Amino acid sequence: MTCLEAPHHLGLRPCPPHGRRLPPSRLDLSLSSSTCRLPICNAQSYADDLRVAAPQSPTSVRSRLLAAEREEAKAVLSLFLRQKGLRSALAARIVNKSDGFIEHLVSKLQIAYRSRYAEGRELSTPEIRDALLPYLEALFREHGDGLVEVVENFPDPFSMEREASSSSMPFTPTSSNKQKAIARISMPTSGGELPELVLYLLDLGMDHEEIKNIVRKFPAFAYYSVDRKIKPLVELLLELGVPRSSIPGIIKKRPQLCGISMSDNLKPMMVYLENLGVNKAQWDKVICRFPAFLTYSRQKVETTVSFLTELGVSKKNIGKILTRCPHLMSYSVNDNLRPTAEYFRSIGADPASLILKSPQAFGLNVDAKLKPITEFFLERGFSMEEIGIMVNRFGIIHTLSLEENLLPKYEFFLTMKYPRCELVKFPQYFGYSLEQRIKPRYARMTGCGVRLILNQMLSISDARFEETLKKKRGGV
């Protein structure tokens, strides 16, 4: 994440770039015995949560300095949440009820700048920001939108639910946290039964090993409340028309979906996407195709939509694209969408039309996938203009395999003695099965002693194909 300049209204204190000398009392910033630890994050080793050794100092000075750092930590967290797409009011509400996590951020500052404290220097706002933003980014990469739950329930979002056996497990890196999470869903409760989460998911159609695999990928899942997290999502999916049998697959693919707030994130995002033109009657198909679709931040969605608008795609067609190919939301605008659009434009194709016909083509790497296909046709005598025409007529042509599709079909095309312009007019030829459509139709046509253009030979139904052959043979 690039460095972000905090708006003035956030109240970040400007400090001299090299810090300023503080009285000796500044040195006494040791943490209390309740120093927070984050049990489900690998952003930084928990063994690093060390206290800053320092002599005693007046309580009032220490309190004032820590209060100032808390305010700056709050401002950075609020800024980060808004950058991830949360509304300002929601970000402020989360920050204001996350005192435990704010204390944890303050402890991170003391760890990161241990030597600065030893020198008696106060941290500047850029130093605070530079220490906290990468840490928050690491948490976000691990938990996605589930980070909000981690922040709100810190220092230990699972303290009320942890099994007694887990208390002996050390707070060390993520592998240990995964082991604890797996142990939580593997060990019977005091009543001798498996945890409620496991029983619910087994009833939903998962097996125990599948549940463990989810927890290995996303340890926070082991601590989700059935009544507050899992059931509401399942009920929503059923309301949208998702078959009950498909729900385990959705959860396996994107367990983070269970951690997203229904009222603050999930439903508002659905309304926003419907206003963009996503077909509300097809939410079941959209979510089954790509469960991660609803876990992206508002900022990410807006960035993608802005690009599509810039490309010339109408609002109506943006909705159609996202309904048909929600995977498009996973593509980076700068790394995938924009370079791909520029490349297609360079070969004479219309990116706005192409992304509507073949949005999946925009997730392909230009050098590794697109250029080799273009070069394949250039090497066989096609002009760049002809290639552009073919792409505009058959948008998925660059998504096809060279070895398994284009090459064998082109070689067979040469044996049929059609002129090259037939392929330019009808590049959809490459979309038909060589063994089940092209060869049988060609053999039948030549066996009747007639000649059809490529489009006629392949695109019409079997009944009409036979009727056309009969007319041709009869001279009609």
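The values are calculated or read from the model by the stated rules, or taken from the named source; none is laboratory data. Only a predicted model underlies this, so the values are computations on that prediction, with no experimental measurement involved. Ideal geometry is used to build each Cβ from the backbone, glycine not excepted, and the neighbour counts take in all protein chains shown. Just so you know, the surface numbers come from the protein's heavy atoms only, side chains and all, with ligands and any DNA or RNA stripped out. Shrake-Rupley method; radii C 1.70, N 1.55, O 1.52, S 1.80 Å.
Applying the condition of being free of Cβ contacts under 8 Å to residues at least 24 places away in the same chain and not in a loop (DSSP other than H, G, I, E, B) to region 307-341 and asking which residue is least open to solvent (accessible area, probe 1.4 Å) yields Thr309. In summary, Leu147 fulfils each of the numbered conditions (1) among the hydrophobic types (A, V, I, L, M, F, W, C); (2) modelled with pLDDT under 80; (3) open to solvent by 20 Å² or more (accessible area, probe 1.4 Å) with the single exception of condition (3). Could you please let me know if Arg441 is farther than 28 Å from Ala352 by Cβ, touching a Cys at 6+ places or on another chain (Cβ under 6 Å) and of a type in the set (Lys, Arg)? Answer is no for this residue.
Filtered by the rule that a residue be within 17 Å of Lys369 (Cα to Cα) and not aliphatic (A, V, I, L, M), region 384-411 gives Gly388, Phe394, Gly395, His398, Thr399, Ser401, Glu403, Glu404, Asn405.
Is there a residue in region 378-393 that is acidic (Asp, Glu) and over 27 Å from Ile438 (Cα atoms)?
no
Among residues that are at pLDDT 95 or above and among the polar types (S, T, N, Q), Gln456 is not included.
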